[in-house]
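Visitor: I have a structure here, written as structure tokens, and I will follow up with some questions on it.
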Amino acid sequence: MVDDLRSKLSSRDIIGAFIFIIVLIFFSNMWIEREMKKRVEYPLVVVSRAKAAVIEEETKPVITDNSQEVIKRTRIETGSNYVESVFFVDGQQIAVERVWPNGKVEVTGQIPDGTVKFLNEIDHTYGEEHYKEGRRSGVSQIHTSSGQLLGEVEYKEGKLVKSTEYYPNGQLRFEVDYTDARGEEEAWQYKDFKELGVGKLYYNNGKLKYEWNLTKSDPVGFKKSYNRNGRLRYEEYYDEIGQVTQRNRPLLESEETVENVVAQP
């Protein structure tokens, strides 16, 4: 009986010791994780001056002058509905700009005044643009990845005022001027309008394909389209509040088909 009691006591001691070890390990791990977290949140460890400078730069926006080269990379994050542009100086991120389809713009950090070299990873274009007080300003050229001039844009206080685009052969494809465009004060009336201001779209043979004029200074606006021979296909006129007042289709579809066949080489 005594032997049985000793056996039970030994088993109980072993189990107790085992439980004690497990509890000790558990609390030791908690202590280690807490200390590691402190080191991550409060990096008080001794580091070199260079490394300390990097840590400081990552937590504070960098203020740059025009003597430093600024690079902007534009992309669309997976699953997001906005376009994101990240600004760098010497490989160090200094600002982020996000633009939503409805025109909303959000900027964190500081975009320096002056020239910014951009690389658009969405359409694989590049070029130089200019910023003033954190907003695009002035004329910029856009090039394809092969170096060909794709177009030019002009901004004023962050707003696009003029834009041109070219065909691969250098022929003018598109031009628009938003300087006097309707739609700012009467945005609700023109929310579905893509063609505001004065614009023209051309065929690759240089002939006018489509044009519009919807400006504040002209009470009568219009949109017109043409076939490749330059004949008017369709026209639409608007009053000063954007309501359609007249629609015409001078060239019937049957006539246009015959004319296009004759015009082909």
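All of the numbers you see were taken from the coordinates with simple rules; none came from a lab. Values in this document were obtained by computation on a predicted structure and should not be read as measured data. Here the Cβ is made from the backbone with ideal geometry for all residues, glycine too, and neighbour counts use every protein chain on show.
Visitor: I'd like the FRET efficiency for Q243 and K207, computed as 1/(1 + (r/R0)^6) with the beta carbon distance as r and R0 of 35 Å, rounded to 0.05.
Guide: Given R0 = 35 Å and the Cβ-Cβ separation, E is 0.70.
Visitor: I'd like the FRET efficiency for N229 and K132, computed as 1/(1 + (r/R0)^6) with the beta carbon distance as r and R0 of 45 Å, rounded to 0.05.
Guide: Here the calculated transfer efficiency is 0.50.
Visitor: What nm value, rounded to one decimal, do you get for the distance between E236 and Y167 when each label is placed 7 Å out toward the C-beta?
Guide: 2.6
Visitor: Amide H of L150 versus every other amide H placed in the peptide plane: which residues, excluding those fewer than 5 positions away on the same chain, fall under 5 Å?
Guide: For L150, the qualifying residues are I142, H143, T144.
Visitor: Still on this model: Is the range 79-190 rounded, prolate or oblate when judged by the Cα gyration tensor, a ≥ b ≥ c being the square roots of its eigenvalues, rounded requiring a/c under 1.5 and prolate requiring a/b larger than b/c?
Guide: In terms of gyration-tensor shape, oblate.
Visitor: Hey, which of these cross-link pairs are over 22 Å Cα-Cα: K159/K194; K156/K194; K159/K216; K104/K223; K117/K156; K156/K209?
Guide: Checking Cα-Cα distances, K104/K223; K156/K209 exceed 22 Å.
Visitor: What length, rounded to one decimal in nm, is gained on full extension from L119 through to V139, with 0.36 nm per residue of separation minus their alpha-carbon distance?
Guide: Extra length from L119 to V139 when fully extended: 5.6 nm.
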